[in-house]
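Q: Quick one: the structure is below, and I'll ask about it shortly.
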Amino acid sequence: MVPLLLLLVEALLGSASGWNQYVSSLTQTEELSLSLLSASDAAAFCLGPGDGPLVQCSSSSPFMLQPEPCCDLLRSLANSSAALTACLMLSARPPRPCQSCQPEYSLLQEQMNNLSLALEQENTTEISRCARNLLQCDRMQIVARLNNSFNQIWEDSNCAQCLRNEGEGLRNDSIEFMEKFNATMQCFEQNKLVVTHIPFQEGNYSKVCTNCSKMYKDLTELYAHMQEGNTLCIDIEDAMNSTRILWSQIFKCNIPFYDVVPVVAVSSFILFLPVIFYLSSYLHSEQKKRKLILPKRMRSATNLLNFEDKSS
């Protein structure tokens, strides 16, 4: 009797385990079917009727399908984004994104602007259907997010401040600044190894302080003028900051030598002005003794007294 019960329990347990496996497989199959159905519905909504068969743009994503005409556009956006990313990375130090990456950024923005304009149109043209498919078909919106990240970097760099209005090349003052900056850096490089001692100059780079003083002063004045006109971008700001660090901290040229002499001369003259004034007053003033002038009556009385004293 007992063995029969044991066999019955084992059979029930085995059937329960098999039933659980069967239910689990059905659940997985149902979830997969729902995911494929959702992807198909989303694609049908984004593509619209008459868009033709679906093709695969990337071999690594078998369920993310795009219409064939949109694949070329997507590849073009990918190439433009890759080129801009590489340019920004290579221009990170020293930061020169505005003057180095302006062509790549303009190309990507032109493509995105065309997509945005097509998105505003009705779903009648091929480009409008592709724009809707690339920009509004999923929750992630990778194309739009990547473009927003590029725009944020461009805005934080203030590239529009030092570029022309049409976006082709640097402004004239930005070009002039970079030319003066390169000339100043060349002057630093040529004179940094020449060691000469000059009064009021500390360190071993006094030749830099004397020979490059005018270039540094002109560069500083141009930077101040651009700062007032709000035409500074990260390229100009970083160039000026690096120049100031070299001038003051590395070469220790806090005050240009030729500016020290007139300052010291004027300060000394003002300091000794009181001494000169009092000394000249003392030398040119006449020190006269006071003389007592007696009236005539007192003079005759005095003479009479003196006569009496002599007679006695």
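Only the coordinates and a few stated rules stand behind these numbers; no lab work does. Computed from a prediction, not measured in an experiment: that's the story for all the values here. All Cβ positions, glycine included, derive from the backbone under ideal geometry; neighbour counts span all protein chains shown.
Q: Rounded to the nearest 0.05, what FRET efficiency do Ala92 and Ser267 have when you use their Cβ-Cβ distance and R0 = 51 Å? Kindly include the intermediate steps, with their values, before the conclusion.
A: Values: r = 46 Å, r/R0 = 0.91.
Using R0 = 51 Å, I get an efficiency of 0.65.
Q: Evaluate the charge dipole of the range 210-253 about its Cα centre and quote only its size in Debye, nearest 20, assuming +1 on the Cβ of each Lys and Arg and -1 on the Cβ of each Asp and Glu. Working shown, then result.
A: Working: 4 positive and 6 negative charges, 64 e Å.
In total the dipole reaches around 300 debye.
Q: At a Förster distance of 45 Å, what's the computed FRET efficiency of Ser248 paired with Thr125, Cβ-Cβ distance as r, to 0.05? If you can, show how the numbers build up before the last one.
A: Working: r = 60 Å, r/R0 = 1.34.
Given R0 = 45 Å and the Cβ-Cβ separation, E is 0.15.
Q: Run through the range 119-159 and list the trypsin sites (Lys or Arg not before Pro) located in a DSSP loop whose Cβ has at most 12 other Cβ atoms within 10 Å.
A: Working: sites: Arg129, Arg132, Arg139, Arg145; in loops: Arg139.
Counting only loop positions with at most 12 other Cβ atoms within 10 Å, the trypsin sites (Lys or Arg not before Pro) in the range 119-159 are Arg139.
Q: Could you give the length gained on full extension between Ser76 and Ile153, defined as 0.36 nm per residue of separation minus the Cα-Cα distance, in nm? Each step should come with its number before you reach the end.
A: Details: separation 77, 0.36 × 77 = 27.72 nm, distance 2.11 nm.
Here the answer is 25.6 nm.
Q: If you don't mind, there's one more thing I want to ask. Got the relative contact order for the range 108-164 handy, in percent, Cα pairs under 8 Å and 6 or more residues apart? Present the calculation step by step, with values, prior to reporting the outcome.
A: Details: 22 pairs, mean separation 10.9, N = 57.
Computed value for the range 108-164: 19 percent relative contact order.
Q: Could you check the simple spin-label distance between Thr85 and Asp218, using points 7 Å along Cα→Cβ, in nm with one decimal?
A: Output for this residue pair reads 4.3 nm.
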